[in-house]
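Structure, as structure tokens:
The values are calculated or read from the model by the stated rules, or taken from the named source; none is laboratory data. Worth saying up front: this structure is predicted, and the values here are computed from it rather than measured. No Cβ is skipped: glycine too gets one built from the backbone with ideal geometry, and neighbour counts run over all protein chains shown. Heavy atoms of the whole protein, side chains included, go into the accessibility calculation; ligands, DNA and RNA do not. Shrake-Rupley method; radii C 1.70, N 1.55, O 1.52, S 1.80 Å.
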Amino acid sequence: MPVDPLSLALMAVNVGASVFNNWRNNKQSHKLQEKQQEFARAATERNKQRMWQLMREGQELALEMERETHENRLEDIRNDFDKILHRLAYIEAIKTWPLKVLPIVMKNQSLGSLIATGDENIAMHCILTPSNCIQFNKHILPTIEEKLADFCNLHWSTLSSHPILFYSGAWKTGTTPTGVEISQLKTNLRNLPTLLITPFFKPEGGIVFQINAWGIGVELETEIECADFSYAESYKSGIDYLQEEDIKERTIEEFIPYLQCLVGYIADQYFWTNHNESPLLPTLLAMKVVNTDGMQYLNTASEERYSNLLDVCVEESLAMPFSPEKMLSLLEGSASLWDETTRTDKLEEIFITNAQRRSNNAISSMNEALYCELYSKEDLPFLRKFIELYQYDDYKDDFSNLFEALESIDFDYSILESTDITALETLAGDGDSVAMFRLGEIYECSMGTDFNPDLSDKYYSMAINAMQRLAIVRAKIINRDSIAGDVDFLASIDCVQSSILLSQAFYYGLGVEQSTERAMTELEKWSNSNHPLISYIAAELVIQEYGDQQKELIEELLIRSSNLGYIKAQLKLMELYEDGAILQESPYRVVEYAKKAALQGHPDGLLVLALCYIRGYGVNINKNKGKELLVMAADRGNTDAIEIINQIK
């Protein structure tokens with residue numbers, strides 16, 4: 001099959017060229033070039049922190065420049081009416097205007113579509129002009145225009161994210177488009193996205209489409225020869241369609257899907273380049289909305305066009321950058337054209353290329369590209385989108401580790417240290433899984449609030465359902481399950497919570513070699529932390545390993561945890577002061593820590609305090625108060641309290 005002429009016409013000026021030209025003409029383009037040069041220097045010096053900073057700054061600048069170009073286009077549509085109306089007020093000017101619809105109306109239609117949708121996507125205006133063949137214009141063109149208008153109104157409506165305004169019968173009767181008329185259109189509609197298609201019959205036989213387009217991010221002025229049409233060589237400017245009924249029917253059958261693909265492809269480039277909208281035409285082809293029966297070359301050509309477009313985008317991303325999400329949106333809209341293997345290969349190529357650009361080193365595999373240190377929080381939107389599109393089991397754990405590591409790193413020193421319950425509840429309500437985990441901790445450990453096991457379980461469960469990695473690992477440890485696949489993740493985020501979980505994993509040997517020493521080392525990293533679990537778990541380890549040989553250390557650790565509000569530390573001290581095996585028996589201390597636990601509503605603290613009052617253990621006897629506390633303990637489900645009350649009755 002001959003090389004598709006539409007690809008040749010558009011590939012010469014597509015992705016990189018169109019975006020780069022827009023940026024180069026922008027008053028801030030030199031700033032972007034400076035950022036790119038400084039990024040290259042930072043990459044050479046392996047200054048990753050500076051590279052990340054420059055990437056963030058470059059991306060913000062690039063987006064600002066795209067917004068500026070877009071605003072200029074909007075400003076032209078909104079503010080240029082008076083000038084155009086002034087020019088067209090003269091009768092002669094109106095007479096020479098080649099279209100039935102005036103430019104002020106065309107611009108007003110764009111503005112109207114913006115108001116109707118509330119979107120900033122400016123519609124592309126499409127006009128099919130008369131040909132140099134009178135018979136074609138009379139017998140064929142009206143049908144084609146009608147079908148194209150229906151196609152655009154139904155699938156590219158002004159209420160969609162890919163609006164096309166198709167002007168059926170827009171050209172004045174008896175007017176043949178010439179360079180003068182087209183120049184006039186460009187002058188008066190200079191920033192309005194416009195596509196002009198003119199069928200031209202060659203005297204020696206054959207047909208070409210003359211393409212003129214502007215305001216779409218690139219200016220097109222080219223011809224596309226349609227050599228694949230059934231009667232390509234039979235088309236001549238004087239053809240009599242009334243005598244050639246077969247040619248007439250076949251012409252309509254072939255012209256309509258061809259023009260639907262041509263208009264769709266150019267529209268896809270415009271909406272993707274300027275508004276980052278995923279292509280729409282591939283989906284319409286896959287759904288058979290565009291009838292390509294007997295025209296398989298249209299499917300093949302479309303596959304090649306979008307494949308080439310993506311390849312150029314990936315290749316040029318190494319030089320331009322700061323927007324890998326744009327490649328994913330292009331692939332997402334084009335994916336229906338390719339088989340699963342091709343889609344996977346293209347996705348992985350995007351991921352590897354993005355990693356290569358970040359590292360400034362040659363990267364040839366997904367394993368290399370998944371190296372965590374290449375990424376920062378700014379990559380999370382790209383990673384989310386990539387994982388959503390990838391949907392294969394390959395590298396599933398690697399993606400999960402990378403994503404969770406980046407997310408956790410960014411929240412370790414903010415959300416995971418916060419005790420602002422109101423703020424955390426707002427975040428959790430918005431779906432923040434780290435805030436959910438933190439609330440589970442706060443209610444479990446009584447951090448600035450009373451112990452509440454129900455709320456703690458609720459938020460931990462929410463975090464697990466939201467696939468929060470720390471919550472999942474915590475549940476595994478409670479069930480004494482292996483966390484072998486999570487050890488690298490916990491080590492990489494290096495926060496209080498990860499060290500607590502790692503220490504427990506090392507102590508119990510859950511997926512790692514059992515080592516009390518390693519467990520203690522993890523806890524010692526945070527010996528100055530105000531997290532109550534650090535000192536409590538350390539005390540438990542010391543009790544298990546050394547018993548009464550380290551009674552002073554045990555007492556110090558548990559008192560610290562208790563003073564931070566941790567109810568298990570309070571109950572443990574209450575137990576140890578009553579038992580006398582490790583810490584010296586102290587009725588007064590038993591009452592002290594039973595009160596602390598009782599004040600948080602814990603049934604065990606209430607029971608012990610009740611018995612102290614009834615027996616006069618560490619406190620003056622007060623049987624009535626003791627009975628009140630027994631009832632409170634029973635109401636909270638303490639079975640011993642329930643049994644004692646039944647015996648009293």
Pairs only if they're at least six apart or on different chains, beta carbon under 9 angstrom, first in segment 519-532 and free of Cβ contacts under 8 Å to residues at least 24 places away in the same chain and under 12 Å from ALA505 (Cα atoms), second open to solvent by 10 Å² or more (accessible area, probe 1.4 Å) and hydroxyl-bearing (Ser, Thr, Tyr); list them, first residue then second.
ALA519/TYR507; ALA519/TYR508; MET520/TYR507
With SER492, SER562, SER503 as the choices, which residue is within 27 Å of ASP450 (Cβ to Cβ) and within 38 Å of the chain's Cα centre (by Cα)?
SER503
Scanning segment 202-225 for residues that are open to solvent by less than 20 Å² (accessible area, probe 1.4 Å), of a type in the set (A, V, I, L, M, F, W, C) and either modelled with pLDDT under 80 or within 39 Å of the chain's Cα centre (by Cα) (or both) gives ILE211, ALA213, TRP214, ILE216, LEU220, ILE224
Output the number of residues of segment 120-141 satisfying the condition of being open to solvent by 20 Å² or more (accessible area, probe 1.4 Å) and under 19 Å from PHE166 (Cβ atoms).
2
Can you tell me which residues in segment 538-571 are crowded, with 19+ Cβ neighbours inside 10 Å and under 16 Å from ALA598 (Cα atoms)?
SER562, LEU564, GLY565, TYR566, ILE567, LYS568, ALA569, GLN570, LEU571
Residue by residue through segment 600-621, note down the ones that are farther than 23 Å from LYS568 by Cβ and among the small types (Gly, Ala, Ser).
GLY616
Scanning segment 545-576 residue by residue, those on the phi > 0 side of the Ramachandran plot and in a loop (DSSP other than H, G, I, E, B) turn out to be GLY565
Which of the residues that make up segment 580-595 are of a type outside the set (Val, Ile, Thr) and assigned to a helix (DSSP H, G or I)?
PRO587, TYR588, ARG589, GLU592, TYR593, ALA594, LYS595
Does ALA471 meet the test of being small (Gly, Ala, Ser), over 24 Å from SER535 (Cα atoms) and surrounded by 22 or more Cβ atoms within 10 Å (Cβ to Cβ)?
no
Scanning segment 142-162 residue by residue, those open to solvent by less than 20 Å² (accessible area, probe 1.4 Å) and either basic (Lys, Arg) or in contact (Cβ under 8 Å) with a residue 24 or more places away in the chain (or both) turn out to be ILE144, GLU145, LEU148, PHE151, CYS152, TRP156, HIS162
Can you name the condition, by its number, that SER334 falls short on among (1) open to solvent by less than 20 Å² (accessible area, probe 1.4 Å); (2) closer than 29 Å to LEU285 by Cα; (3) at pLDDT below 85?
(3)
Please work out if LEU165 is open to solvent by less than 40 Å² (accessible area, probe 1.4 Å), assigned to a loop (DSSP other than H, G, I, E, B) and either under 27 Å from GLY333 (Cβ atoms) or among the acidic types (Asp, Glu) (or both).
no
Counting only residues that are part of a loop (DSSP other than H, G, I, E, B), modelled with pLDDT of 90 or more and surrounded by fewer than 19 Cβ atoms within 10 Å (Cβ to Cβ), segment 619-638 contains a total of 3
Filtering segment 294-322 down to residues that are in a loop (DSSP other than H, G, I, E, B) and touching an Asp or Glu at 6+ places or on another chain (Cβ under 9 Å), which residue is modelled with the lowest pLDDT?
PHE322
Index of the failed condition, CYS313 passing every other in (1) farther than 22 Å from LYS147 by Cα; (2) open to solvent by less than 10 Å² (accessible area, probe 1.4 Å); (3) of a type outside the set (Phe, Trp, Tyr)
(2)
Scan ASP450, ASP486, ASP481 and give me the residue that is open to solvent by less than 40 Å² (accessible area, probe 1.4 Å), of a type in the set (Asp, Glu) and either modelled with pLDDT under 90 or assigned to a loop (DSSP other than H, G, I, E, B) (or both).
ASP486
Going through GLU245, GLU253 one at a time, which residue ends up being in contact (Cβ under 8 Å) with a residue 24 or more places away in the chain, open to solvent by 10 Å² or more (accessible area, probe 1.4 Å) and acidic (Asp, Glu)?
GLU253
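On the basis of being in contact with a Gly (Cβ under 9 Å, 6 or more places away or on another chain) and modelled with pLDDT of 90 or more, does LEU262 make the cut?
no
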The residue from SER498, SER492, SER456 that alone is in a helix (DSSP H, G or I), farther than 22 Å from LEU510 by Cα and either of a type in the set (S, T, N, Q) or at pLDDT 85 or above (or both) is SER456
